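> Have a look at the structure that comes next, please.
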Amino acid sequence: MRLLDRYLLRELLIPLGYCLSGFLIFWISFDLFNKLDDFHQDNLDAFEIARYYLLQIPGMLGEIVMPVSLLLALLYTLTNHARHHELIAIRAAGVSLWRICTPYWAVGLLFSLLLYLLNEHWAPKSIELAEQVRKKHSSNPVDSAERQWQNDLTFRNDGDDRFWRIRSYNVATGEMVEPYVKWRLPDGSHRQLVAERGVRSNGVWTFFNARESVPDPSADSPRVWEQTNVLAVAEFSETPEQIKSEIKISQLSGIRAAKRVQLSIVEILDYKRLHPHLTHSARAMLDTQLYARIASPWTCLVVVLIAIPFGAPSGRRNVFVGVAASIFICFAYFVLQRFGMALGTGGHLPALVAAWLPNLLFGGVGLWLTTRVR
């Protein structure tokens, strides 16, 4: 790494660290004041509250803190360099503006990859763990149990032509109470299974005190019920993760989906695998969520592209102009993002265009403005 790259990177990382920590402190403080009464009702002590917010950090970073912090730090850093004419001196030495910004592109790419990992792998688990900490001392065990168990769950695996009806399903353990399954055999006939309980072990669904309907060619009745204490059915390909996606998506309304990205890529793909023949409205909602989840991490690179033309032009300017500009840019970006999500979810705009609209528009404007920087 050249000396110039190390210098520019160091000058960025210091305000970036302040911005990240400052936004996190502000976010946590604001949320803490709103939830103090709830924490008191949940009988949480100071250590458990601290652990709750420590687990919430991945979700906070992935939602808004990282892009906003990067934008504010970049605008501050570039404006500060421009005020002291450092960028003019570097460019006079024959270094182009694009080459000067190489460390910023590297940080933006690193943040994009980190944002993807946060949104897909760490944030969903951390949110669930945080809720477990919050309800650790729940005074109402019935309410706590209801959060683990989903009652009267029904769903259909359209790909394998299999229908499930479950009296109670434990989201945490994947245990079923009184499951009923009906599916079609290759010869066109149907089979049914009713059990007292079902669990998934070693990748196979195992049912206890099960009754299965089978054809009876020697009798007038088309089928008989065979009683089995333990029955393992390897052909049932539905996984607990797919069932959890089914529950989450079935509870997601169009209004909630239009506001922000609610689902991970894995959850959407699992649901579409179970339902290859979706209605137009359901497909529009899921495709918009899918493309928005893919487009979301690249916000950090768009932030770099936007910050360069706003912070790099020469001249003595107040540093607080960068703060005001970052607030305006973030407000405009997230308004456009919500607008695109609403249009895509409602089927008024192709899902791919709706999800990538903010990145394409702001990235294109940033690229055009950067070429005009003197």
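> Can you give the calculated 222 nm mean residue ellipticity of the chain, where each DSSP H run of n ≥ 4 adds -39,500 (n - 2.57) and the sum is split over every residue, rounded to the nearest 500 deg cm²/dmol?
It lands at -19500 deg cm²/dmol.
> For the stretch 179-197 and the stretch 104-131, what is the separation of their C-alpha centers, rounded to whole Å?
For the stretch 179-197 versus the stretch 104-131, the Cα centre distance is 41 Å.
> Moving on. With axes computed from alpha carbons, what is the tilt in degrees of helix 319-345 against the longest principal axis of the chain, rounded to the nearest 10 within 0 to 90?
30 degrees
> For helix 299-311, report the angle its Cα long axis makes with the longest principal axis of the Cα atoms of the chain; keep it between 0 and 90° and round to the nearest 10°.
With both axes taken from Cα atoms, the answer is about 20 degrees.
> Select one label from [x] 5, 18, 23, 21, 15, 9, 5, 2, 1, 0; [y] 5, 25, 34, 24, 9, 2, 0; [z] 5, 20, 26, 23, 17, 8, 1, 0: the one whose number is P(r) over Cα pairs in 10 Å bins from 0, in percent as derived from the coordinates shown.
[x]
> Please give the length that would be gained between ILE247 and ASP161 if that part of the chain were fully extended, namely 0.36 nm times their separation in residues minus their C-alpha to C-alpha distance (nm, one decimal).
Answer, rounded to one decimal: 29.1 nm.
> Which of the residue pairs LYS135/LYS182; LYS136/LYS244; LYS35/LYS136 have a Cα-Cα distance greater than 27 Å in the structure shown?
Going by Cα-Cα distance, LYS135/LYS182 fall outside the 27 Å limit.
> So for the stretch 161-236, Kirkwood radius off the Cα pairs, Stokes-Einstein at 25 °C and 0.890 mPa s: how many µm² s⁻¹?
Reported coefficient: 188 µm²/s.
> Under the definition of Cα pairs under 8 Å and six or more residues apart, what whole-number percent is the relative contact order of the chain?
The normalised contact order for the chain reaches 18 percent.
Any read-out appearing in this document is the output of simple, stated calculations on the displayed coordinates, not a laboratory observation. Not measured: the values here are computed from a predicted model.
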